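The values are calculated or read from the model by the stated rules, or taken from the named source; none is laboratory data. All of these numbers come straight from a predicted model, not from anything done at the bench. Glycine also receives a Cβ, built like all others from the backbone with ideal geometry; neighbour counts cover every protein chain displayed. The protein model used for the area step is the full one, side chains on, heavy atoms only, and it has no ligands, DNA or RNA in it. Shrake-Rupley method; radii C 1.70, N 1.55, O 1.52, S 1.80 Å.
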Amino acid sequence: MVKAAFDHVRHWVFDLDNTLYPPAVRLFDQIEVRMTRFVMDAVGVGEAEANDLRLSYWRSYGTTLAGLMREHGVDPDPYLHSVHDIDFSVLPEDPQLAALIDGLPGRKIVYTNGSAPYAQNVLEARGLSGIFDAVYGVEHADFKPKPERAAFERVFGRDGTDPASAAMFEDDPRNLAEPHAMGMRTVHVAEAEIEAEHIHHHTPDLAAFLARLT
């Protein structure tokens, strides 16, 4: 039954962080540390307050960057360069996942709230380079973040994504609401399952789920 639900899909959209790599590698922990440091320097507050702001902006605006831009006029380019200057060697290659994604019928893209260069670094470390037709970062949405509808519309418009024949894989359930409303098949990739109208499928293991579609 799961396979049949994806028979119409010819546009495959994958989030990056904690979706195309397992959360257990704790890659994003490195980014969070650098985010907090950036907030400290940009806003002029101590570590505890900076960490609170980082989380508050993420909850309110979708990303810490969006909050910094709206509340403090922060230039996004130095921020994206700084927070993504991390060690990618912790990421294991995953040839099984690469083969499964490569075998999907149609167009395959990555769409992240991070930057496209950062995404390329992650894909290279994971052995996933060369299997996606395009990689989009927050800069391709004019720095509007998921879960905003306008962000999806800009990226999908750039790529020619047809929501009626598309599927979205994402670890943050908030970021599946608009794809669902646009007519996409949605898959929540996370350990904890969440019951919500905008989530069609759940999996704690992306490769295992994709194997069910072949």
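Would you tally the net charge around SER56, using a Cβ to Cβ cut-off of less than 11 Å, leaving SER56 out, and scoring K and R as +1, D and E as -1? Working shown, then result.
Details: positive: ARG54, ARG59; negative: GLU49, ASP52, GLU71.
Within the 11 Å Cβ shell, the charges total -1.
Need one number: % antiparallel among DSSP beta bridges in the chain, to the nearest 5.
About 0 percent, rounded to the nearest 5.
Per the Kirkwood treatment, what hydrodynamic radius in Å, one decimal, follows for the stretch 66-166 from the mean inverse distance over all distinct Cα pairs?
For the stretch 66-166, inverting the mean 1/r across all distinct Cα pairs yields 14.9 Å.
Suppose each label sits 7 Å from its Cα in the direction of the beta carbon; what would the ARG34-ALA208 distance come out to in nanometres?
3.1
Let me know the charge dipole size of the stretch 134-180 about its Cα centre in debye, to the nearest 20, where only the beta-carbon of Lys, Arg (+1) and Asp, Glu (-1) is charged. Mind dumping the intermediate values first?
Details: 6 positive and 10 negative charges, 20 e Å.
Result for the stretch 134-180 is approximately 100 debye, rounded to the nearest 20.
Just name one of VAL9, LEU123, PRO78: the one whose Cα is farthest towards the positive end of the charge dipole of the chain (beta-carbon charges, Lys/Arg +1, Asp/Glu -1).
Farthest along the dipole direction, towards plus: VAL9.
Return, for the Cα atoms of the stretch 85-129, the radius of gyration and Dmax in Å, separated by a comma.
That works out to 11.3, 34 Å for Rg and Dmax.
What 222 nm value per residue comes from the helices of the chain, counting each DSSP H run with n ≥ 4 as -39,500 (n - 2.57) and dividing by all residues, nearest 500 deg cm²/dmol?
Helix contribution divided over all residues of the chain: -11500 deg cm²/dmol.
Determine, at each q value in 0.18 (inverse angstroms), the log₁₀ of I(q)/I(0) that the Debye formula gives when each Cα of the chain is one equal point scatterer.
Those come out to -1.37, one per q.
Sorted from largest down, what three extents in whole angstroms do the Cα atoms of the stretch 45-123 have along their principal axes?
For the stretch 45-123, the Cα spread along each principal axis is 47, 27, 21 Å.
From the convex hull of the Cα coordinates of the stretch 144-192, what is the mean projected area in square nanometres?
Orientation-averaged projected area of the Cα hull: 3.2 nm².
Can you work out D for the stretch 133-214 in µm² s⁻¹ from Stokes-Einstein, where Rh is the Kirkwood radius over C-alpha pairs, the temperature is 37 °C and the viscosity is 0.692 mPa s?
So the translational diffusion coefficient is about 248 µm²/s.
Multiply the residue gap between SER56 and ASP87 by 0.36 nm, knock off their C-alpha separation, and tell me the result in nm, one decimal place. Could you put the intermediate results ahead of the total?
Details: separation 31, 0.36 × 31 = 11.16 nm, distance 2.59 nm.
Value of the extension gain: 8.6 nm.
Roughly how big is the chain's charge dipole about its Cα centre, with Cβ charges of +1 (Lys, Arg) and -1 (Asp, Glu), in debye to the nearest 20?
540
Per the 1.4 Å probe, what fraction of the accessible area of the chain, in percent, lies on carbon and sulfur atoms?
So the carbon and sulfur contribution to the accessible surface is 48 percent.
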